[in-house]
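Input: a single structure, listed below in structure tokens.
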Amino acid sequence: MQVYWCSAFLLPSFIAKECDRILRKFLWGGKGRGKVKWFEVCKPMAEDGLRIKDMKTWNRALLLKQVWEILMNQSFWARWCHVYLIKKSNFWVMPANGLHSWSWRQILLLRPVAKEHLIYKYGRGDKFSLWFDPWMHGESIHALYGHRVIHDTRLGRLALVKDMIREGRWNLPLNSLDLVEIQHRVQDIPITLTPDSISWVSIDNSFSTKLAWQGIRARSAEVHWHNLVWYPARIPKHAFCLWLALRRAHRTRDKLLAIRVIHSASCVFNCGEVESLEHLFFHCPFTHNVWMAVLAMCNVLRPISQWMDEVQWMLDHARGHKFPALVRKLAFAASIYHIWLERNRRCFKNQFMPAQEIIEKIKHDMAWKGCGWAGSHRGVSGIIAYL
Ligand SMILES: [Zn+2]
């Protein structure tokens with residue numbers, strides 16, 4: 001439904017915002033503020049987001065398909081646009097004025113974005129408009145030199161690129177400085193007998209919404225830890241909790257104290273220290289013991305370090321998709337998840353679960369995940385034997 005409307009119309013801003021609001025509310029629940037800014041959530045997983053597509057960019061990517069169809073002029077709708085809307089004008093220069101429908105004007109407004117990603121590959125020159133199509137190094141002659149050159153050549157507005165070729169050579173009437181310059185610029189464009197073609201992003205590439213979205217979305221640097229969180233065998237709720245931890249987005253008590261939501265930031269595990277992310281994972285004696293026991297189950301015997309060192313150790317020792325690496329990644333995410341759950345249980349419900357029970361829950365979740373690997377020779381029995 002959403003894809004249908006987004007590919008048919010440019011949604012008004014308030015509709016796009018409302019759709020985003022519904023998604024945001026679903027992700028974070030209730031009316032409270034999200035733990036991560038929405039534009040960050042909308043980034044790909046490798047770039048520290050949750051791969052949710054923000055409606056505005058997604059809408060523009062889907063609408064670019066209509067621009068592509070008009071340029072290809074193969075569908076019934078595109079032919080109708082050429083006959084009834086573009087007529088004897090050219091798609092690239094026709095004005096987006098009030099005489100046309102709102103949705104057609106929105107398509108015309110996407111022209112600059114589309115031009116950035118289109119490649120006009122010149123061949124025989126019998127399809128491209130000499131003046132208005134951006135076949136000359138990504139630009140049109142009209143965009144670079146204005147209307148005057150059309151008048152100077154006396155070739156008319158409907159001239160095709162082939163009209164500038166005589167006996168296999170570029171041949172313009174050189175009666176103005178602009179035309180001399182154009183003649184010079186086109187010399188490195190080879191004249192061939194292949195058909196003219198239009199590609200998207202790279203030569204011989206057809207349009208795809210995925211490519212369009214990739215082309216127009218804002219890009220960020222990749223985060224080095226995304227493989228630790230997002231891998232095919234992950235447990236989604238564990239991965240989400242770990243993602244929040246790695247982004248330092250959990251609302252630990254030191255943060256709540258800073259904004260005066262609570263009066264004391266003391267650790268809920270009664271160790272007497274301030275609860276911060278570093279303390280919770282795994283400096284606190286309670287969580288330290290849990291993580292130590294989980295590591296021992298994974299046949300890892302080593303002292304526990306600071307949070308960032310633990311993350312780095314996991315990055316170094318849980319790479320790839322081999323069985324021990326998968327077990328370590330599952331164990332790490334499960335430990336973060338169940339410690340955070342226990343912390344909330346103590347905070348909000350005043351209920352306490354002993355460390356041994358938490359370890360059992362971690363073990364149970366990992367073994368349950370092993371059920372999903374029934375096809376593998378190391379399914380649930382493999383994990384249980386391993387732990
Ligand atoms: Zn503590």
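A few remarks follow.
- Förster-model FRET efficiency, 45 Å R0, ARG185 and ALA46, C-beta, rounded to 0.05: 0.65
- Euclidean distance of C-alpha centroids, region 188-235 and region 263-321, integer Å: 40
- Model label points for PHE39 and ARG345, set 7 angstrom from Cα along the Cα-to-Cβ axis, are 4.0 nm apart.
- Whichever aspartates and glutamates have a C-alpha closer than 12 Å to that of LYS255, once near sequence neighbours (fewer than 8 apart) are set aside: GLU275
- If the segment from ASP163 to TRP80 were pulled out straight at 0.36 nm per residue, it would be longer than the present Cα-Cα gap by 27.2 nm.
- Per-residue Cβ neighbour counts within 10 Å put LYS255, LYS349 in the sequence LYS349, LYS255, beginning with the fewest.
- Using the alpha-carbon positions of region 112-206, Rg (one decimal) and Dmax (whole number) come out as 12.9, 39 Å.
- Over all orientations, the chain has a Cα convex hull whose mean projected area works out to 27.3 square nanometres.
- Relative contact order %, region 112-206, counting alpha carbon pairs below 8 Å whose residues are six or more apart: 40
- FRET E, pair THR192, HIS263, Förster distance 56 Å, beta-carbon r, rounded to 0.05: 0.10
- The largest-to-smallest principal axis extents of the Cα set in region 1-65 are 34, 27, 17 Å.
- Highest average packing first - 78-84, 124-130, Cβ atoms within 10 Å: 124-130, 78-84
- Normalised contact order of the chain, rounded percent, pairs of Cα under 8 Å and 6 or more residues apart: 12
- Counted charge near LYS237, where neighbours are those whose Cβ lies closer than 14 Å (Asp, Glu -1; Lys, Arg +1): +2
- Region 183-303: Rg to Rh, with Rh as the Kirkwood radius over Cα pairs: 1.32
- Only DSSP H runs of four or more residues enter the estimate; each adds -39500 (n - 2.57), and after division by the residues of the chain the mean residue ellipticity at 222 nm equals -14000 deg cm²/dmol.
- Largest first, the extents of the alpha carbon coordinates of region 165-242 on the three principal axes equal 71, 27, 18 Å.
- Three principal axis extents of region 286-377 based on alpha-carbon atoms, in descending order, are 42, 31, 18 Å.
- Shape metrics for region 226-386, restricted to C-alpha atoms - Rg then Dmax, Å: 15.8, 53
- Cross-link pairs beyond the 25 Å C-alpha cut-off, checked among LYS43/LYS329; LYS17/LYS115; LYS56/LYS369; LYS25/LYS56; LYS237/LYS322; LYS35/LYS56: LYS17/LYS115; LYS56/LYS369
FYI, it's all coordinate maths here, none of it is from the lab. Values in this document were obtained by computation on a predicted structure and should not be read as measured data. Heads up, the Cβs are rebuilt from the backbone with ideal geometry, glycines too, and the neighbour counts pull from every protein chain shown.
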